[in-house]
Amino acid sequence: MSGSSSWVPRWSTTGGCWPPGAARPSSWQGAWELPGGKVEPGETADAALVRELREELGVDAEAGGRVPGEWPLKSPYVLQVWTARLRPGSAAPEPLEDHDALRWLGPEEIWDVDWLDQDVPAVRQTLAHLGPLGGRRTGEVPGA
Ligand SMILES: Nc1nc2c([nH]c(=O)n2[C@H]2C[C@H](O)[C@@H](COP(=O)(O)OP(=O)(O)OP(=O)(O)O)O2)c(=O)[nH]1
């Protein structure tokens with residue numbers, strides 16, 4: 001996804017109508033969130049992000065940097081956000097698990113989707129962290 005002068009950085013977000021069995025309340029149907037999931041015992045956050053992106057989107061990614069801050073979810077969980085990039089040769093992302101839609105968003109499109117309420121402060125902070133170019137200098141995209 002990098003290497004072209006016309007490449008534009010994109011955020012990855014997932015959402016839509018979650019299928020039966022997805023670990024999401026029905027009241028969240030149609031809302032959008034960052035791809036990711038829980039850190040397992042003994043796992044680093046970086047490793048969890050790479051694993052979740054592989055499981056959920058089928059991509060080979062590497063973690064970048066953490067966006068400063070954390071935001072409360074249902075106790076005891078908190079939302080933390082990292083940037084990530086696809087490794088060369090990675091498959092294109094697809095919404096394989098838990099979600100039925102995936103969008104890549106440029107900085108100007110961030111508010112086009114209906115984010116989960118609890119994600120809004122994290123998305124706002126991430127946008128500020130990446131700056132007006134939305135990560136163009138680093139090619140980074142967020143995941144949670
Ligand atoms: N990945 C992700 N989860 C979010 C976001 N916002 C938000 O409230 N959540 C909630 C949804 C879930 O209750 C929890 C993450 O759980 P998950 O179901 O994605 O985690 P997981 O893949 O490890 O699932 P599981 O193995 O425990 O079933 O955090 C977000 O932007 N991204």
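Coordinate-derived values only; no laboratory data. Please read these numbers as outputs of a predicted model, since none were measured by experiment. Cβ: placed from backbone, ideal geometry, glycine included. Neighbour counts: every protein chain shown.
Pull up all non-local amide H partners of Trp115: gap of 5 or more, or a different chain, and H-to-H distance under 5 Å with H placed in the peptide plane.
Trp32
At R0 = 25 Å, how high is the FRET efficiency between Trp111 and Glu43 if r is their beta carbon distance? Nearest 0.05 is fine. It would help to have the intermediate numbers written out before the result.
Numbers: r = 32 Å, r/R0 = 1.29.
Calculated value: 0.20.
Using the Karplus curve 6.51 cos²θ - 1.76 cosθ + 1.60 with θ = phi - 60°, what ³J(HN,Hα) values do you get for each residue of the stretch 110-125, in whole Hz, with x for Gly and Pro?
Per residue, the Karplus-derived 3J(HN,Hα) values read 3, 9, 6, 9, 8, 5, 3, 3, 6, 8, 4, x, 5, 5, 4, 5 Hz.
Using the Karplus equation 6.51 cos²θ - 1.76 cosθ + 1.60 (θ = phi - 60°), what ³J(HN,Hα) coupling, rounded to whole Hz, does each residue of the stretch 85-97 give in order, writing x for Gly and Pro?
Per-residue couplings from phi come out as 9, 6, 6, x, x, 4, 5, 6, x, 9, x, 7, 10 Hz.
Taking amide hydrogens as modeled 1.01 Å from N in the peptide plane, which residues meet the under 5 Å criterion relative to Glu70, leaving out close sequence neighbours?
none
From the phi angles alone, apply the Karplus equation (6.51, -1.76, 1.60; θ = phi - 60°) to the stretch 98-109 and give each ³J(HN,Hα) in whole Hz, x where the residue is Gly or Pro.
Each residue of the stretch 98-109 in turn: 6, 10, 10, 8, 9, 9, 9, 10, x, x, 7, 10 Hz.
Suppose R0 equals 25 Å; then what is the FRET efficiency for Ala101 and Leu73 from their Cβ-Cβ distance, rounded to the nearest 0.05? Could the numbers behind the result be given before it?
On the way: r = 21 Å, r/R0 = 0.85.
It comes to 0.75.
When the label point is put 7 Å from the Cα of Ser27 along its Cα-to-beta-carbon vector, which residues of the stretch 72-107 have a backbone N closer than 15 Å?
Those under the cut-off are 73-75.
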